[in-house]
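The values are calculated or read from the model by the stated rules, or taken from the named source; none is laboratory data. On a predicted model such as this, the values are computed, not experimentally measured, just so you know. Cβ placement follows ideal geometry from the backbone for every residue including glycine, while neighbour counts extend to all protein chains displayed. What goes into the accessible areas is simple: the full protein's heavy atoms, side chains included, and nothing from ligands, DNA or RNA. Shrake-Rupley method; radii C 1.70, N 1.55, O 1.52, S 1.80 Å.
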Amino acid sequence: MMSRNTASTTSNSVRRQRGRAVWAASAGNFLELYDMMVYAYSAVIISQKFFPVGGATGLLSTFAVFAVGFFARPLGTLFFGFLGDKHGRKPALILSVALMALGTFAIGCLPAYESIGIFAPILLVIVRLVQGFALAGEWTGSAAMLVEYAPSHRRGFIGSFNQVSTALGFFGAACAVTLNNSIFTESQILDWAWRLPFLLGILTGIVALVLRFGLDDTPAYQEAERVEKTPLRTAFTTQWRAILLGFGFTVGWTVAYYFYLTYLPTYLTTVLDIDDTVARWSNLTSLLILAGAIAVVGHLSDKIGRKPLLLLGTGGFTVFSIPLLITIGTGNLVALFVCQVLIALILAAFSGPGPAALCELFPTSVRYSALGIGYNFSTVLFGGTAPFIATAIASSPTPSATVAILPTATALVSFVVVLRMSETFRSDLA
C-alpha cells in the first residue's frame with residue numbers, strides 16, 4: 001500500500017509538472033502570436049521596407065506575405081501531427097518553438113529592398129513559410145498539453161491558458177511596437193529600429209525551450225492504451241466527422257481573432273484616420289480585458305458547460321459585428337473604446353472553453369493529428385487570409401463597415417456547427 005508521505009510526494013510532483021506545463025505551453029503559444037502580431041502591427045513599415053510600391057498596394061503585399069505563412073501549415077500539420085501522436089507531445093513542441101523563435105529573429109535580421117532588391121521580399125516569404133510550418137504544431141500541441149495535464153473538472157480553466165497566452169501574445173506585440181514607436185523617431189524606426197521587436201522574440205523562445213526540456217510528457221499520453229503506428233491515417237478514417245466539426249468550429253473563431261486583433265488596428269489608422277497612438281492604446285486595453293476574461297470564462301465552462309458559452313460567442317459576432325463596425329466608423333473615441341471592450345468580451349466567450357471543447361472531440365491516440373487537421377486547415381483558409389481580404393474590401397469604393405460582413409458570415413457558420421456539437425465538459429478524455 002502506498003504510504004501517506006509517498007502519496008503526498010507524488011501529488012506534489014504532479015502539481016509541479018502541471019504548473020510547469022501551463023508555463024511551458026503558454027510561453028510557446030505567446031511566442032506564436034507575438035511573432036504574427038509584431039508583423040501585423042508593423043505592416044505599414046514592412047510594406048515600405050520590403051514592398052516599396054507604397055500605398056494600398058504595398059500594404060496588400062505585406063498582408064499577402066502574412067497569409068503565405070499559413071499555407072505552409074498543411075505540411076506542418078501532417079509532420080507535427082505524426083510526431084506528436086507517434087513520439088509524444090514533448091519532442092513536437094520543442095521543435096516547433098525552436099523553429100518559431102529562429103524565424104522571428106530572422107525577420108529582424110533580413111536586409112531590406114533597398115539593399116538587395118527583389119531578394120528581400122523573397123527571403124521574407126521563405127521565413128514566413130518556415131514560421132507557418134512550425135506554427136502548425138504549436139497551437140494544437142500546446143492545447144493538447146494543457147488539456148491532457150488538467151484534472152477532468154478543470155480542463156476548461158487550464159485549457160483556457162492556451163488562449164490567455166494568445167491574448168497576451170497580441171498584447172506583448174502591441175506593447176513592443178508601441179514602446180518602440182515611443183522611444184525612437186520615425187526616421188530611426190524606418191531605418192533600423194523596426195527590427196527590435198522581432199529580435200526580442202528570441203528571449204521568449206529560449207524560456208519556452210528551457211521549460212519544455214524539463215517537462216514530462218502528458219499523463220494522458222503516457223497512460224494511453226496504444227500508440228498508433230499511422231496516426232494520420234487513423235485520424236482521417238475514424239475521426240473525419242469530428243475533424244469536420246473542428247474545422248467548422250474554427251472558422252468563425254480564427255476570423256474573429258485575425259480580423260479584430262490583427263486587421264482592426266491597421267483599419268483604424270489607414271481607413272478611419274484615427275491617431276496611431278489612440279488606436280494602439282485602445283487596442284492594448286481591450287487585449288488586457290480579453291486575457292482576463294478568457295480565464296474567467298474557461299473556469300465558468302467547467303461549471304455550466306462549453307456549449308452555452310460557445311453559442312454566446314459565435315452568436316454575439318453574428319449579431320453585433322456590423323453594428324460594432326458602424327459605431328467604430330463614426331470615429332468617436334469613447335465609442336471606439338466601448339466597442340473594443342465588447343469585442344474582447346464576446347471573443348472571450350468563445351476562446352475560454354474553445355481549447356478544451358476542441359480537444360474533447362478527439363481520442364488521445366490521434367488528438368494531435370486530428371485536432372491539427374481541423375484547426376490548421378480552417379486557419380489556413382480563413383484566418384491567414386482575413387486581414388488581406390479585409391484590406392481589399394476596405395480599399396474598394398464601398399462603405400467602410402462593409403468589412404464586417406467577413407466576421408459576421410463566418411461566425412454564423414461556427415454558430416451552426418456548435419449547435420450540432422455534443423456537450424463534453426463532463427466526459428473523460430478517451
- Task: State the number of residues belonging to the stretch 141-160 that are among the polar types (S, T, N, Q), more than 20 Å from the chain's Cα centre (by Cα) and surrounded by 24 or more Cβ atoms within 10 Å (Cβ to Cβ).
- Result: 0
- Can you tell me which residues in the stretch 284-318 are within 18 Å of the chain's Cα centre (by Cα), open to solvent by less than 40 Å² (accessible area, probe 1.4 Å) and among the β-branched types (Val, Ile, Thr)? ILE294, VAL297, THR314
- Condition set under 24 Å from LEU83 (Cβ atoms) and in a loop (DSSP other than H, G, I, E, B), scope the stretch 230-281, selection modelled with the highest pLDDT: answer is GLN239
- Item | Count of residues meeting criterion [in contact with an Asp or Glu (Cβ under 6 Å, 6 or more places away or on another chain), over 21 Å from PHE236 (Cα atoms) and open to solvent by less than 10 Å² (accessible area, probe 1.4 Å)] in the stretch 63-99 | 1
- Task: Specify the residue that is most open to solvent (accessible area, probe 1.4 Å); the eligible residues are those in the stretch 24-50 that are more than 27 Å from PRO91 (Cβ to Cβ) and of a type in the set (S, T, N, Q).
- Result: GLN48
- Note on the structure: Condition set more than 22 Å from ALA21 (Cβ to Cβ) and outside any helix (DSSP H, G or I), scope the stretch 169-218, selection least open to solvent (accessible area, probe 1.4 Å): answer is PHE184
- Message: Restricting to the stretch 219-229, count the residues that are open to solvent by 30 Å² or more (accessible area, probe 1.4 Å) and either in a helix (DSSP H, G or I) or hydroxyl-bearing (Ser, Thr, Tyr) (or both).
- Response: 4
- How many residues of the stretch 345-363 are crowded, with 24+ Cβ neighbours inside 10 Å and in a helix (DSSP H, G or I)? The answer is 12
- Residue list for the stretch 105-123, restricted to those being in a helix (DSSP H, G or I) and either at pLDDT 90 or above or open to solvent by 40 Å² or more (accessible area, probe 1.4 Å) (or both): PHE105, ALA106, ILE107, GLY108, CYS109, TYR113, GLU114, SER115, ILE116, PHE119, ILE122, LEU123
- Consider only pairs whose beta carbons are under 6 Å apart and that are at least six residues apart or on different chains; among these, list those whose first residue lies in the stretch 330-350 and is touching a residue at least 60 places away in the same chain (Cβ under 8 Å) and within 14 Å of VAL278 (Cα to Cα) and whose second residue is of a type in the set (Ser, Thr, Tyr) and surrounded by fewer than 16 Cβ atoms within 10 Å (Cβ to Cβ). none
- Message: Would you confirm, using the coordinates I've provided, whether LEU99 is more than 30 Å from ILE45 (Cα to Cα), modelled with pLDDT of 90 or more and among the hydrophobic types (A, V, I, L, M, F, W, C)?
- Response: no
